[in-house]
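For reference, the structure is listed below as structure tokens.
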Amino acid sequence: MTHEPSTDELRPGSSGRVRIRDLAHGGAGVGNAEGDTRDGIVWFVEGALPGELVEAVVDHRAKKFLRAHATQVIEPAAIRVSPACPYADLCGGCAWQHVACGAQAELKRDIVRAQLRAIEIPEIDVIGSPQPLGYRRRARVHYEKHGTELRLGFRGRRSRSIANMAACAVLEPALDRAVQRVRAMTDLLPSSGAVHGITDGVRVLLGLPAVPVNAETLAAAEALLDDTLVGVELRGGRQRHVVGKPALDIDAGDGRRGLTVGPFGFAQAQAAQNAALVRHVARQVGSGGEGLELFAGAGNLTRVLGRAFKSLECVEHEREAVEQLRRLKKRDSLPLHVLRSKADVAVRRFAERKRKFRVSVLDPPRGGLGEEGTRDLCRVTTQGLVYVSCDPATLARDLRVATASGFRVSGVTVFDFMPMTPEVEIVVALERPPRGTTRP
């Protein structure tokens, strides 16, 4: 008879059988030890799927939960498949290579629904990725030198070491090939570092931070250039130098001009899904009046929002992005006022001045806007909010504030930007009901 460890015996390194019932934010399976629910301790098991019975090894213990990873799948789920990538067991870049492609978007919907369970929402729409592999146009790949060898790839599973890869299945092919060319500069690179890359689907730019900028490194970078890799930017201390092209134009289409980005700039991971997201946000905001955009970045949404409103207040804190917004304003003759500020500081000042906006749009990083910032945003917004989020947990926190402040959720759409990972992009539309109406 198999001995199941008691709660007191469950320490890092110990193992147990776990029945998985759900998925947590971040993609870990959620369950309890088989046959033992006496104290209700919850297991979060990396690599496990709903409905499975797995053998799991504890990585971390807290008072009411355990973090673990699956070492054996005893009863597999129907959606479990053999990974398409030969590095799946080593590389931490893709946590869902074992999940059937057709099931991944639905699992992300389930994760978002669970995080928003305390908020009244309509049925969640899902926009699946048009391709499961070879979609990623932007990446930061790590490297470390071991003698004459350059280990190049993403961080390993549950490890800070590098999973050395000759190819990456999720990168766009042009970007994948260009990243591999950096191996030719191994002798000139520091002992460890990163390679930043961006592609327009045909051409690629790479960025190498913390690399000395001198005649030798510049010559080596120039030797990497070809018809695909058209620019390399070196940054060493305060020195910066570009060989070849400094930037690419991406995301043109649907009557929009593209954005100009360099290898260190931000862009959404997938071009096709980003186009769908921009169109979707544009439909939510309507037209006319004064608008507010927080976390405007380099203008991914600003390009369409600037044409939707009579005037648009754009708030962004990062200096280079602010400069790009100002160039965008001039280039496209958009009615923008660009404010360099932290988002929560800006909305607090707008609230103090009793400034009003018809619709506000925000696309924050993982930390979200925060409770106080969301409260102030609701005070300055008269009709609608459009919240773009990459973190359903902080989204839920901010939406609780918004709904308590008189807004109601009118739409939730999940975009699967990054197949083979549990990463998710969510767009939530909220509206302020006219005075005198009651909730249905």
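So what is the accessible area of segment 326-440 per residue, in Å², with the probe set to 1.4 Å?
45
In a GNM of the chain with a 10 Å cut-off on Cα contacts, which of Thr186, Thr381, Thr199 has the highest mean-square fluctuation?
Among Thr186, Thr381, Thr199, the largest GNM mean-square fluctuation belongs to Thr186.
Would you mind finding the longest exposed-site-free stretch of the chain, with exposed GluC sites (Glu not before Pro) meaning DSSP loop and at most 13 other Cβ atoms within 10 Å?
That would be 124-440.
Cross-link partners among aspartates and glutamates for Lys356, C-alpha distance below 18 Å, same-chain residues fewer than 8 apart left out?
Within the straight-line limit of under 18 Å, Lys356 reaches these aspartates and glutamates: Glu290, Glu293, Glu313, Asp344, Glu372, Asp376, Glu431.
Ser82: accessible area at probe 1.4 Å, nearest 10 Å²?
Number for this one is 100 Å².
What does the charge count near Arg353 come to, summing +1 for each Lys or Arg and -1 for each Asp or Glu among other residues with Cβ under 14 Å from its Cβ? Kindly include the intermediate steps, with their values, before the conclusion.
On the way: positive: Arg348, Arg349, Lys354, Arg355, Lys356, Arg379; negative: Glu290, Glu313, Glu352, Asp376.
Value of the local net charge: +2.
Show me, for segment 135-151, the HN-Hα J-couplings you get by feeding each phi into the Karplus relation (A = 6.51, B = -1.76, C = 1.60, θ = phi - 60°), rounded to Hz, glycine and proline as x.
Per-residue couplings from phi come out as 9, 7, 9, 10, 7, 10, 9, 9, 9, 8, 9, 10, x, 8, 8, 10, 8 Hz.
Hey, what do the phi angles of segment 417-433 turn into as Karplus ³J(HN,Hα) couplings, whole Hz, using 6.51/-1.76/1.60 and θ = phi - 60°, x for Gly and Pro?
With coefficients 6.51, -1.76 and 1.60, one gets 7, 10, x, 6, 9, x, 4, 9, 10, 10, 10, 10, 9, 10, 9, 9, x Hz.
With a probe of 1.4 Å, find how much accessible area segment 233-275 has per residue, and write the answer as a whole number in Å².
50
Note down the accessible area of Ile250, probe 1.4 Å, to the nearest 10 Å².
That residue has around 10 Å² of solvent-accessible surface.
To the nearest 20 debye, what charge dipole does the chain have about its Cα centre, counting +1 at the Cβ of each Lys and Arg and -1 at the Cβ of each Asp and Glu? Display every interim value, and only then the final one.
Working: 63 positive and 52 negative charges, 376 e Å.
For this selection, approximately 1800 debye.
Starting from the exponent 0.38 and prefactor 2.2 Å, build the expected Rg for the chain from its residue count and divide its actual Cα Rg by it.
1.07
Can you list the DSSP H helices in the chain whose Cα atoms extend at least 15 Å along the helix axis and whose mean Kyte-Doolittle hydropathy is 0.0 or higher?
TM-like helix candidates: 271-285, 392-404.
For every other residue with a beta carbon closer than 10 angstrom to the beta carbon of Leu277, add +1 if it is Lys or Arg and -1 if Asp or Glu, then tell me the sum.
-1
What fraction of the DSSP beta bridges in the chain is antiparallel, stated in percent and rounded to the nearest 5?
65
Report, to the nearest whole %, how much of the accessible area of segment 294-440 belongs to carbon and sulfur atoms, 1.4 Å probe, protein only. Please report the intermediate quantities before stating the final value.
Numbers: 3060 of 6310 Å².
Percent of accessible area from carbon and sulfur atoms in segment 294-440: 49.
Order Arg113, Arg408, most accessible first, counting only protein heavy atoms with a 1.4 angstrom probe.
Numbers: Arg113 90, Arg408 60 Å².
Final ranking, largest accessible area leading: Arg113, Arg408.
With an 8 Å cut-off on Cα pairs and a minimum separation of 6 or more residues, tell me the relative contact order of the chain in percent. Mind dumping the intermediate values first?
Details: 965 pairs, mean separation 54.4, N = 440.
With pairs under 8 Å counted, the relative contact order is 12 percent.
Taking segment 161-201, how much of its Cα-Cα pair set, in percent, is spaced more than 12 angstrom apart?
For segment 161-201, the share of Cα pairs beyond 12 Å comes to 65 percent.
Heavy-atom accessible area per residue, segment 134-199, 1.4 Å probe: how many Å²?
Per residue, segment 134-199 has an accessible area of 42 Å².
Check Phe417: other-chain or 5+ apart residues with amide H under 5 Å from its amide H, H built from backbone geometry?
The answer is Glu425.
Calculated FRET efficiency, Asp249 and Lys342, Cβ-Cβ r, R0 25 Å, to nearest 0.05?
FRET efficiency, Asp249 to Lys342: 0.30.
Taking only the alpha-carbon atoms of segment 122-268, what semi-axes of the equivalent ellipsoid follow from 5 times the gyration tensor eigenvalues under a square root, in whole Å, largest first?
Working: eigenvalues 149, 84, 34 Å².
Computed over segment 122-268, the values are 27, 20, 13 Å.
At a temperature of 20 °C and a viscosity of 1.002 mPa s, determine how fast segment 257-299 diffuses translationally according to Stokes-Einstein, using the Kirkwood radius over alpha-carbon pairs as Rh; express D in µm²/s, rounded to the nearest whole number.
Diffusion coefficient, whole number: 174 µm²/s.
What is the magnitude of the charge dipole of segment 168-307 about its Cα centre, with +1 placed on the Cβ of each Lys and Arg, -1 on the Cβ of each Asp and Glu, and no other charges, expressed in debye to the nearest 20?
Values: 14 positive and 14 negative charges, 61 e Å.
In total the dipole reaches around 300 debye.
Taking H placed 1.01 Å from N in the peptide plane, check which residues at least 5 places from Asp22 or on another chain put their amide H under 5 Å from its amide H.
Excluding prolines and chain starts, which carry no amide H, the hits are Val30, Gly51.
Quick one: what are the phi-derived ³J(HN,Hα) couplings along segment 183-200, Karplus 6.51/-1.76/1.60 with θ = phi - 60°, whole Hz, x for glycine and proline?
The phi angles translate into 4, 5, 9, 3, 4, 9, 8, x, 5, 7, x, 9, 10, 9, x, 9, 9, 9 Hz.
Work out Dmax and Rg for segment 205-314 from the C-alpha atoms and quote the Rg first, both in angstrom.
So, for segment 205-314, Rg and Dmax equal 17.8, 55 Å respectively.
Assuming 0.36 nm per residue, please report the length gained on full extension of the stretch Ile74 to Asp22 beyond their Cα-Cα distance.
17.0 nm
Between Glu431 and Arg283, what is the spin-label point distance in nm, taking each point 7 Å from the Cα along the Cα→C-beta axis?
1.4
Taking N as the number of residues in segment 285-363, what value does Rg over Cα atoms divided by 2.2 N^0.38 Å take?
Normalised Cα radius of gyration, segment 285-363: 0.99.
Under a 5 Å amide H to amide H cut-off, with H placed in plane at 1.01 Å, what residues pair with Glu318 once short-range neighbours are removed?
Under 5 Å from the amide H of Glu318 lies no amide H from a residue far enough along the sequence or on another chain.
Roughly to the nearest percent, how much of the accessible area of segment 129-234 is carbon and sulfur, given a 1.4 Å probe? Let's see the in-between values first.
Numbers: 2190 of 4470 Å².
Answer for segment 129-234 is 49 percent, counting heavy atoms of protein chains only.
Over the alpha-carbon set of segment 1-146, divide Rg by the Kirkwood Rh and report the Rg/Rh ratio to two decimals.
Result: Rg/Rh = 1.01.
Once the Cβ-Cβ distance between Arg319 and Glu222 is put in as r, and R0 is 22 Å, what FRET efficiency do you end up with, to the nearest 0.05?
0.20
The values are calculated or read from the model by the stated rules, or taken from the named source; none is laboratory data. Here the structure is a predicted model, which means the values were calculated and not measured. Every residue, glycine as well, gets a Cβ built from its backbone with ideal geometry; the counts of neighbours run over all protein chains shown. Calculation scope for accessible area: heavy atoms of the full protein, side chains included, ligands and nucleic acids excluded. Shrake-Rupley method; radii C 1.70, N 1.55, O 1.52, S 1.80 Å.
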